[in-house]
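Chemist: The structure's right below; bear with me while I get my questions together.
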Amino acid sequence: MHENKAHRAGFVAIVGAPNAGKSTFLNYVLGEKVAIVTSKPQTTRHRILGVMSEDDSQLIFWDTPGLHAPGQALLNREMMNRALAALEDSDLALWVVDGVRRGAEHKTALEAVAQSKRPLVVALNKVDAAPDKAAILPLIKEIEEAVHPQVIVPISAKTGDGVRALLDEIIKILPENPPFYPGDTLTDQPERIIAGEMVREAVFKLTSQEIPYSTAVTVDEFKDEGGLISIMATIHVEKESQKGVIIGKGGSMLKKIGQTARLNIERMVGEKVFLKLFVRTTRDWSKKKSTLLEFGYGD
């Protein structure tokens, strides 16, 4: 630690509309894959905690589900509750805004951020994809007038442009605290939980239409057998017809899902992985409080 420099540490809630790049940002900062990333919105369901430690600071990030109008769907309401709870539990809100495309969820996110009493930093993401940099100026003005953030920093979570400047701005605002976690901590999520998320990410990437949003993954067994991690996991779907899509002709889709997830899990654990997947129809699991709790989505 630099001499006479106070150590700053605190909790940062990463919030924003679905698909704004929150998980991509977190993975870039940590240099590891802890949050699942796909091109489909509402990928993140859990509140993932990631820790970035430096000599004079420790940033503890919550990657939250995308802020959206939840409607009547119980799963979506639980996701929104988790995002809003993270916002209120944090020392600082980091609002990640898509600098290129904004849908109806942008307004939902803006309203949630405006109601929060937390200091606010805005990351204007995907600016590398903006055809005309001057086109983001009206968006910056709109955000400044609507929520009065402490600072707005243009970034690309994909390439890392502007991310260091953003982190420095966050550190300035965090309170003076000793570290909350040991310096080598990356996340509070057990490897078995991240492994389950990586299976779900593979489902998101390889299937289409309503299938990804109707699936949940439970890890039934996670064993370290000395040089080999043995995992058994179940992909839950809501309808029998969805089960056929996940399995595919002759088991082809399930095999692709397993191969994709296994490679990502091996990169995480640094060991060989044996992954066995099962598919089960758990009817209307996303509409029942009991199954949401069982699958880790309720409080």
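Chemist: Looking at (1) surrounded by 18 or more Cβ atoms within 10 Å (Cβ to Cβ); (2) assigned to a strand (DSSP E or B), find the lone condition where S286 falls short.
Modeler: Failed condition: (2).
Chemist: Let me ask something else. Please list, ordered by first then second residue, the pairs with beta carbon atoms under 7 Å, 6 or more apart or interchain, first in region 270-299 and within 21 Å of Q242 (Cα to Cα), second assigned to a strand (DSSP E or B) and among the hydroxyl-bearing types (S, T, Y).
Modeler: Sorted first by the residue in region 270-299, then by its partner, the pairs are F278/T234; R280/T234; F295/T218.
Chemist: Moving on. Kindly indicate whether any position in region 203-224 is surrounded by 15 or more Cβ atoms within 10 Å (Cβ to Cβ) and among the charged types (D, E, K, R).
Modeler: Yes: one or more hits.
Chemist: Those residues that are in a loop (DSSP other than H, G, I, E, B) and more than 11 Å from I60 (Cα to Cα), I need them from region 178-194; list them, please.
Modeler: Hits for region 178-194 are P178, P182, G183, D184, Q189, P190.
Chemist: Turning to a different aspect of this structure: Taking interchain pairs and intrachain pairs at least six residues apart, which have beta carbon atoms under 8 angstrom, with the first residue in region 5-16 and farther than 23 Å from V113 by Cα and the second crowded, with 20+ Cβ neighbours inside 10 Å?
Modeler: H7/S57; H7/Q58; R8/S57; R8/Q58; R8/L174
Chemist: Please enumerate the residues belonging to region 237-282 that are modelled with pLDDT of 90 or more and in contact with a Gly (Cβ under 7 Å, 6 or more places away or on another chain).
Modeler: L254, K272, L275, L277
Chemist: V279 fails exactly one of the following numbered conditions: (1) hydrophobic (A, V, I, L, M, F, W, C); (2) surrounded by fewer than 19 Cβ atoms within 10 Å (Cβ to Cβ); (3) in a strand (DSSP E or B). What is the number of that condition?
Modeler: The failed condition is (2).
Chemist: Same structure, new question: Among all residue pairs at least 6 apart or on different chains, which show Cβ distances below 8 Å where the first residue, located in region 227-251, is over 17 Å from M198 (Cβ atoms) and the second is part of a strand (DSSP E or B) and hydroxyl-bearing (S, T, Y)?
Modeler: V237/T281; E238/T281; K239/T281; E240/T281; Q242/T281; K243/T281
The values are calculated or read from the model by the stated rules, or taken from the named source; none is laboratory data. What you see is a predicted model, and the numbers here were worked out from it, not measured in a lab. Positions of Cβ are generated from backbone atoms using ideal geometry, with glycine treated the same way; all protein chains shown enter the neighbour counts.
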